Amino acid sequence: MQFVDKARIVVKAGNGGDGHASFHREKYVQMGGPDGGDGGRGGDLVFFADPHMSTLLDFKFQRFYRAENGEPGKPELSTGKNGKPLVIRVPVGTIVRDVESGAILADMSEGNKERIILRGGRGGKGNAKFATPTHQAPRFSQPGIKTAEYEVELELKSIADVGLVGLPSVGKSTILSVLTAAKPKIAAYHFTTLSPNLGVASRHNRSFVLADIPGLIEGAAEGAGLGHDFLRHIERTRMLVHVVDISGSEMRDPVEDFQKINDELSKFSPLLAEIPQLVAANKTDLPESDENLARFKEAYPNVEVFPVSAATAQGFEALLDRVVQVLDTLPPVLRYEETDLAESTGYESGFHIERGDDGVFDVSGGEIEKLLDSTNPDDELSMRRFQQLLIKNGIISALREMGAKDGDSIRLGEWEFDFLD
Ligand SMILES: Nc1nc2c(ncn2[C@@H]2O[C@H](COP(=O)(O)OP(=O)(O)OP(=O)(O)O)[C@@H](O)[C@H]2O)c(=O)[nH]1
Ligand SMILES: [Mg+2]
């Protein structure tokens with residue numbers, strides 16, 4: 001199976017349904033009262049952290065995700081049905097980012113948790129709601145709020161307490177299989193592991209999540225081997241167990257390799273270099289381990305080294321005891337702060353006035369769009385509200401300041417009218 005840990009999709013909450021305009025009809029009753037129902041609310045756009053998913057592969061095949069629109073209102077005061085929410089399932093550890101602003105909208109790092117990213121648009125009011133003692137038969141109903149589309153980037157960053165790092169074939173996956181119930185692929189060739197594997201390890205009733213990631217080689221930062229993209233999966237580990245093949249079984253020098261891997265980590269991100277490390281000196285069942293171990297300790301006197309053998313499952317008690325001890329001193333896994341999208345109705349705030357060469361004042365911006373969308377030009381009452389809002393929102397006074405005089409043309413979207421001070 002292909003492992004995908006980044007994807008871009010387009011998401012949208014449902015539009016609010018339009019309010020309805022109608023009048024009560026009954027035999028022998030000449031003119032009934034207004035009975036247009038409200039439009040239904042649009043469906044929310046929701047993300048769900050699914051513990052059974054492990055890749056973002058699905059998102060390579062579908063790009064658009066839109067929640068259902070609210071239904072329009074109907075006669076007889078019947079409210080339109082609300083749109084169904086759209087629940088998008090993502091693997092635990094997925095981060096949802098708004099492409100345009102770069103803001104993190106959701107950090108789905110807790111399994112089985114939901115987060116509403118975009119709220120559905122409000123339904124418009126039916127004409128029944130606009131009846132007042134002085135306007136008993138309003139023909140106006142309000143359109144529903146239209147929601148905007150957002151392009152979001154999904155990025156999977158596994159969540160683990162401890163990450164296993166090291167060169168290919170040093171035994172990272174074998175260690176994961178010894179310490180947890182996970183069954184990663186293990187083989188004598190390099191780059192056996194192509195995507196991170198997680199498992200739960202425990203020691204004396206304490207448990208923690210262990211992540212095994214693909215092997216890293218010198219030059220990974222420049223794309224050698226599998227590159228280093230997968231390193232983002234250990235950015236959110238609390239500590240690292242750096243595995244070295246202390247037997248030097250592949251004619252390599254564990255003393256040199258340790259430094260090379262650390263250089264790659266800091267090249268990827270200074271954050272990684274800061275993560276506390278313990279060293280698991282693996283393959284001590286093979287000859288030459290003792291000699292290399294002595295050299296290693298001499299070269300790195302300040303590094304904590306634990307001789308182990310994944311093949312014979314030896315030496316792990318001491319390593320695990322220390323891991324649990326160190327974890328106790330560390331802060332919890334990094335969670336990102338989530339930003340709410342402004343109302344998510346698609347309307348930005350504010351407006352902007354420009355005077356064109358033809359002398360027409362062009363008024364644009366989110367404030368105007370919202371106003372136009374909720375006004376019915378065929379209805380007198382609706383138009384009066386519209387004029388009141390132009391004054392209340394400061395648009396009229398801004399026009400005046402720009403030099404607009406009686407009779408000047410004003411353009412709002414597709415509408416054009418004369419300025420009357
Ligand atoms: N003798 C000996 N062999 C080991 C030990 N641990 C792992 N091996 C062998 O080393 C080879 C590589 O082991 P893996 O666990 O696949 O190594 P890895 O670090 O996960 O490798 P990549 O996924 O390719 O990065 C396999 O043939 C294992 O059987 C050990 O303690 N002693
Ligand atoms: Mg492996």
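The values are calculated or read from the model by the stated rules, or taken from the named source; none is laboratory data. Please read these numbers as outputs of a predicted model, since none were measured by experiment. Heads up, the Cβs are rebuilt from the backbone with ideal geometry, glycines too, and the neighbour counts pull from every protein chain shown.
Applying the condition of being near ligand 1 (Cβ under 8 Å from one of its atoms) and modelled with pLDDT under 90 to segment 168-186 and asking which residue is surrounded by the most Cβ atoms within 10 Å (Cβ to Cβ) yields Pro184.
Could you tell me whether Gly19 is without any contact (Cβ under 8 Å) to a residue 40 or more places away in the chain and either over 30 Å from Met108 (Cα atoms) or not in a loop (DSSP other than H, G, I, E, B) (or both)? When the stated conditions are applied, Gly19 does not pass them. Gln325 passes every criterion in (1) free of Cβ contacts under 8 Å to residues at least 24 places away in the same chain; (2) farther than 30 Å from Val11 by Cβ; (3) surrounded by 19 or more Cβ atoms within 10 Å (Cβ to Cβ); (4) not charged (D, E, K, R) apart from (3). One residue stands out among those in segment 187-205 that are at pLDDT 85 or above and more than 11 Å from ligand 1 (Cβ to nearest atom): the one that is farthest from the chain's Cα centre (by Cα), which is His204.
Cβ separations smaller than 7 Å between residues 6+ apart or across chains give the following pairs from segment 165-187 residues that are hydrophobic (A, V, I, L, M, F, W, C) to residues that are modelled with pLDDT under 90 and in a loop (DSSP other than H, G, I, E, B): Val165/Ile213; Val165/Leu216; Leu167/Gly215; Leu167/Leu216; Leu167/Ile217; Leu176/Ala182; Leu176/Pro184; Ile186/Thr192.
The number of residues in segment 362-421 being assigned to a helix (DSSP H, G or I) and within 38 Å of the chain's Cα centre (by Cα) comes to 13.
Does segment 171-179 include one or more residues that are aliphatic (A, V, I, L, M), more than 10 Å from ligand 2 (Cβ to nearest atom), in contact with a Leu (Cβ under 8 Å, 6 or more places away or on another chain) and outside the structural domain of Gln259 (by TED's automatic domain parsing)? Scanning segment 171-179, I find no residue that is aliphatic (A, V, I, L, M), more than 10 Å from ligand 2 (Cβ to nearest atom), in contact with a Leu (Cβ under 8 Å, 6 or more places away or on another chain) and outside the structural domain of Gln259 (by TED's automatic domain parsing), so the answer is no.
Okay, residues lined up against (1) closer than 27 Å to Glu317 by Cα; (2) among the polar types (S, T, N, Q); (3) not in a strand (DSSP E or B):
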residue	(1), (2), (3)
Ile175	yes, no, yes
Pro184	yes, no, yes
His190	no, no, yes
Thr193	yes, yes, yes
Leu198	yes, no, no
Ser207	yes, yes, no
Leu210	yes, no, no
Pro214	yes, no, yes
Glu218	no, no, yes
